1. Among 107-113, 43-49, how do they line up by average Cβ neighbours within 10 Å per residue, starting with the highest?
2. May I ask you to compute the full-extension gain from Val250 to Arg164, defined as 0.36 nm times their residue separation minus their alpha-carbon distance, rounded to one decimal in nm?
3. When the Karplus curve 6.51 cos²θ - 1.76 cosθ + 1.60 is applied with θ = phi - 60°, which whole-Hz ³J(HN,Hα) does each residue of segment 97-114 get, with x for Gly and Pro?
4. Residues of segment 85-110 with the amide nitrogen closer than 19 Å to a label point 7 Å from the Cα of Val43, along Cα-to-Cβ, please.
Amino acid sequence: MAALMRRAILPLLLLALVACAWVAPFDAPAGEKVDAGLKRALVSFATARALNGAISVAQGTELSLQPAGVGATFAPGQLLDPVNDLVERFSDLMLGASVLFGAQKVLLGVGSYWPISTVLSLVALAWAALWWRRRRIDPWLSRLLVLFLMLRFAVPAVTLASDRVWQQFLDQDYRVSQQAIDATSSAAASTEATAVQAAPAPHGVLEQLRRWLARTTDVRARFDELEQMLERATEHLIRLMVVFVLQTLVVPVVLLWAMWSWTRSLFESP
């Protein structure tokens, strides 16, 4: 009974897939999901570049003041070097994620190209006819069927399934971490602006010394505050890296392997 059901179901399944290849009900939703993912990656990339730029300026800032003729130089921004290295790696990862989303967009267009649907239709009809008439199906025909099924449906199916995983498990982490990185970037830019302010105008010796001490203490305090914020942001940077690695690499590869194995088990069996 099970064998009879399989013999009847497989041709019907192929006919449904051929119809979907031409009607393309999944292509437009998959394209929207890719565009949304690309936008998220670009936003995170822009935030990372802004944060990297602000930290780099802060790292190179040296305060050189001469109250009452006495020179003093310090570079508090050098304390931010370890975090800046992580930000640079995060920026590279966001660039890679953007490239992967762009490649996914191109592959969606390739899969929906009409010659692929045409060849898939011919191969599927030939395979279904041989299967229904209990004729021997050459292995090359089964492999060709699996290949064109993957070319036509793998990218939209994996895209929609990956987005479902994103909505269910990753979206909240992304929103929280992205907001934290945005806040840290704004704080870094504010500290940078404070650090590069011009030296106070000449006054009396005591007034100049008082202003220098106040400014030095303020800048040091702001750098200490920024360092603490960046240390807290490290967790969010790592979380965002995990989120994008999962969405653009791990989950798609697992889903692609599962789809390939399932398709082969259906159409390449003796």
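1. Details: 107-113: 15.7, 43-49: 19.1.
Per-residue mean Cβ counts within 10 Å order the peptides as 43-49, 107-113.
2. Values: separation 86, 0.36 × 86 = 30.96 nm, distance 1.42 nm.
Going from the current span to full extension adds 29.5 nm.
3. Rounded to whole hertz, the list is 5, 5, 5, 5, 5, x, 5, 4, 4, 5, 5, 4, x, 5, x, 8, 5, 4.
4. It comes to 90-102, nothing else.
Values in this text are rule-based calculations from the coordinates and carry no lab data. Bear in mind the structure is a predicted one, so any value in this text is a computation, not a measurement. Every residue, glycine as well, gets a Cβ built from its backbone with ideal geometry; the counts of neighbours run over all protein chains shown.
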